[in-house]
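Have a look at the structure below before the remarks.
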Amino acid sequence: MLLFSLGIFLGLAARASSLDNGLLKTPPMGWVPWERFRCNTDCKNDPNNCISEHLIKAMADRLAGDGWKQLGYEYVNLDDCWAADKRDAQGRLQPNPQRFPSGIKALADYVHSKGLKFGIYSDMGRMTCAGYPGTTLDTIETDAKTFAAWGVDMLKLDGCFSNSSIKALGYPKMSVALNKTGRPIAFSCSWPAYEGGLPPKVNYTLLGKTCNLWRNFADIEDSWDSLFHIIEWYGKHQDTLQPAAGPGRWNDPDTLIIGDFGLSYEQSKVQVALWAVLAAPFFMSCNLRTISAEARDILQNPLLIYINQDSLGIQGKRVTKSHYFEVWKRPLINGQFAIAIMNNGTDGTPRPFVTTLGLLGILDCKAGYKIYDVLDKLFMGAYKLNDTISTKVTPTGVILFFLRPLC
Ligand SMILES: *[C@@H]1O[C@H](CO)[C@@H](O)[C@H](O)[C@H]1NC(C)=O
Ligand SMILES: *[C@@H]1O[C@H](CO)[C@@H](O)[C@H](O)[C@H]1NC(C)=O
Ligand SMILES: *[C@@H]1O[C@H](CO)[C@@H](O)[C@H](O)[C@H]1NC(C)=O
């Protein structure tokens with residue numbers, strides 16, 4: 001009886017361990033500028049691509065106008081390089097007046113008028129990574145109030161130009177300060193990325209109580225190497241990372257680079273498949289004005305988004321890794337599963353992969369499962385646990401299966 005009660009107690013404690021702001025019960029979706037537009041402040045020579053209110057409004061227009069919003073892509077965020085070089089006379093952050101002449105409040109209002117949410121960026125340190133004024137321990141409350149007054153819905157707090165002790169004080173302090181504003185503001189912390197992403201320096205229990213999402217590894221860049229490196233780090237450290245995620249608290253392997261320059265069509269499918277299985281934020285960082293039909297089709301796949309947004313919020317895990325193939329599995333609501341089979345080889349021919357549901361460890365529903373090929377939009381049929389599933393996976397490519405039980 002005592003053990004039983006203790007179990008209940010621990011169960012409740014575990015469930016209460018996410019930041020209590022009611023936000024991000026499923027991973028956030030939207031658009032952020034950093035990977036694609038970097039710190040381009042040259043509005044004179046590059047007015048359409050510089051970090052400015054014009055760029056943010058253009059992306060809000062596209063999110064609302066091109067079918068993104070209806071699918072759940074709702075955040076349009078700023079990243080570094082929006083701020084003026086100095087705080088104002090009252091000590092508040094202010095935007096660069098040439099690039100944001102209408103001010104941030106007006107920009108947030110514009111984004112809200114499109115039925116979208118607006119996110120902003122600061123840095124727990126003396127300066128942001130690009131050298132703009134940062135948030136110090138002394139300015140945390142002022143900055144939280146300023147963001148709330150502007151109508152901000154998400155804050156990403158980077159970690160350049162401060163040490164571990166400042167971060168250990170600053171991130172929890174900002175979490176409290178955001179709460180005190182009374183405005184629900186999702187909190188994205190770069191804290192663990194600056195501490196190597198792993199215990200003992202990173203305490204994932206504490207992170208889950210402090211932040212809604214967190215970057216824990218290297219910034220993504222526009223290449224297969226960068227993407228693969230991130231996937232491998234997540235696989236290698238999954239026993240630490242997987243339990244940290246859940247509704248309201250997500251690992252963030254960084255932005256989707258589909259629609260940019262570095263990934264092939266098949267490699268683009270790898271990123272969305274893995275990000276869906278990892279319950280990762282779906283933040284695009286591409287030019288939505290010129291995105292190809294092909295890239296848009298990948299990102300707007302409803303079944304893919306259904307998997308990513310599964311309400312159980314269980315992060316998937318790599319279940320096998322061999323010389324060529326990695327199999328990743330995510331349990332979903334109602335006994336459903338997502339399975340990603342990635343061919344990490346680079347020898348140029350599609351490689352056969354033959355398996356059964358039983359071999360994939362999917363044994364719950366004896367009657368079998370309906371299998372859908374998510375990214376090729378194919379219904380493959382109903383399979384019993386021992387039926388052979390035969391497929392081919394392209395080099396640096398993936399097959400993403402969605403499994404619906406027949407029970
Ligand atoms: C602040 O925290 C309390 C309790 O922890 C919670 O009930 C409330 O919804 C939070 N408010 C905001 C705006 O996050
Ligand atoms: C961290 O930085 C603060 C402020 O600059 C300083 O007072 C403190 O000694 C530093 N702590 C460590 C461990 O370096
Ligand atoms: C991690 O943080 C939690 C919550 O604040 C705390 O209870 C626990 O003792 C910490 N763990 C370690 C190893 O410091």
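The values are calculated or read from the model by the stated rules, or taken from the named source; none is laboratory data. The model shown is predicted, which means the values in this text are computed figures rather than measured ones. Glycine also receives a Cβ, built like all others from the backbone with ideal geometry; neighbour counts cover every protein chain displayed. Each accessible area value is taken on the protein alone, full model and side chains, heavy atoms only, with ligands, DNA and RNA left out. Shrake-Rupley method; radii C 1.70, N 1.55, O 1.52, S 1.80 Å.
Residues checked against (1) crowded, with 18+ Cβ neighbours inside 10 Å; (2) on the phi < 0 side of the Ramachandran plot; (3) within 15 Å of ligand 3 (Cβ to nearest atom):
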position: 156; (1), (2), (3): yes, yes, no
position: 161; (1), (2), (3): no, no, no
position: 166; (1), (2), (3): no, yes, no
position: 169; (1), (2), (3): no, yes, yes
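Residues in the range 106-127 that are closer than 18 Å to residue 64 by Cα, part of a strand (DSSP E or B) and not basic (Lys, Arg): 118, 119. Selection within the range 216-241: residues that are open to solvent by 10 Å² or more (accessible area, probe 1.4 Å) and within 14 Å of the chain's Cα centre (by Cα). The member of this set that is farthest from residue 288 (Cα to Cα) is 217.
Return a yes/no flag: does the range 334-348 have any residue that is of a type in the set (Val, Ile, Thr), over 31 Å from the mean Cα position of the chain (by Cα) and open to solvent by 80 Å² or more (accessible area, probe 1.4 Å).
no
Checking 181, 146 one by one, the residue that is assigned by TED's automatic domain parsing to the domain that holds residue 19, β-branched (Val, Ile, Thr) and open to solvent by 20 Å² or more (accessible area, probe 1.4 Å) is 181 and no other.
Do we find that residue 317 is under 21 Å from residue 390 (Cβ atoms), charged (D, E, K, R) and at pLDDT 95 or above in this structure?
On the way: under 21 Å from residue 390 (Cβ atoms): no; charged (D, E, K, R): yes; at pLDDT 95 or above: yes.
Here the answer is no, as residue 317 does not meet what is asked.
Beta carbons closer than 6 Å, at least 6 apart along the sequence or on distinct chains, pair a first residue in the range 154-178 that is of a type in the set (A, V, I, L, M, F, W, C) and within 16 Å of ligand 1 (Cβ to nearest atom) with a second that is modelled with pLDDT of 95 or more and in a loop (DSSP other than H, G, I, E, B) for 155/185; 178/185.
For the list (1) away from ligand 3 (no atom under 16 Å from the Cβ); (2) crowded, with 19+ Cβ neighbours inside 10 Å, I need the number of the one condition that residue 211 fails. Tallying (1) away from ligand 3 (no atom under 16 Å from the Cβ); (2) crowded, with 19+ Cβ neighbours inside 10 Å, residue 211 fails exactly one: (1).
Exactly one residue among 240, 181 is more than 24 Å from residue 33 (Cβ to Cβ), in contact with a Pro (Cβ under 8 Å, 6 or more places away or on another chain) and polar (S, T, N, Q), and that residue is 240. Kindly provide the set of residues from the range 382-407 that are within 15 Å of residue 325 (Cα to Cα), open to solvent by 60 Å² or more (accessible area, probe 1.4 Å) and hydroxyl-bearing (Ser, Thr, Tyr), ordered by number. Answer for the range 382-407, where residues must be within 15 Å of residue 325 (Cα to Cα), open to solvent by 60 Å² or more (accessible area, probe 1.4 Å) and hydroxyl-bearing (Ser, Thr, Tyr): just 390. Given the criteria part of a loop (DSSP other than H, G, I, E, B), open to solvent by less than 30 Å² (accessible area, probe 1.4 Å), over 24 Å from residue 206 (Cα atoms) and in the same structural domain as residue 218 (by TED's automatic domain parsing), does residue 93 qualify? Yes: the conditions hold for residue 93. In summary, helices (runs of 4 or more DSSP H) completely within the range 1-80 and bearing 3 or more residues that are at pLDDT below 95 occur at 2-15.
The selection criterion, being farther than 30 Å from residue 72 by Cα and open to solvent by less than 70 Å² (accessible area, probe 1.4 Å), does not hold for residue 313. Can you name the helices (runs of 4 or more DSSP H) wholly within the range 143-251 that have at least 3 residues being within 16 Å of ligand 2 (Cβ to nearest atom)? It comes to 164-181. When residue 379 is tested against (1) farther than 20 Å from residue 26 by Cα; (2) buried (at least 18 other Cβ atoms within 10 Å of the Cβ); (3) outside the structural domain of residue 273 (by TED's automatic domain parsing), exactly one condition is not met: (2). Any residue that is assigned to a loop (DSSP other than H, G, I, E, B), open to solvent by 10 Å² or more (accessible area, probe 1.4 Å), touching a residue at least 40 places away in the same chain (Cβ under 8 Å) and within 29 Å of residue 33 (Cβ to Cβ) - is there at least one of those in the range 272-284? No: zero hits. Within the range 194-209, residues that are touching a residue at least 40 places away in the same chain (Cβ under 8 Å) sit with their Cβ atoms under 8 Å from residues that are part of a helix (DSSP H, G or I) and within 16 Å of ligand 2 (Cβ to nearest atom), at 6+ positions apart or across chains, in these pairs: 207/191.
Just to be sure, is residue 318 in contact (Cβ under 8 Å) with a residue 60 or more places away in the chain, under 18 Å from residue 76 (Cβ atoms) and open to solvent by 10 Å² or more (accessible area, probe 1.4 Å)? Before the answer, list the steps.
Numbers: in contact (Cβ under 8 Å) with a residue 60 or more places away in the chain: yes; under 18 Å from residue 76 (Cβ atoms): no; open to solvent by 10 Å² or more (accessible area, probe 1.4 Å): yes.
Taking the combined requirement at face value, the residue does not satisfy it.
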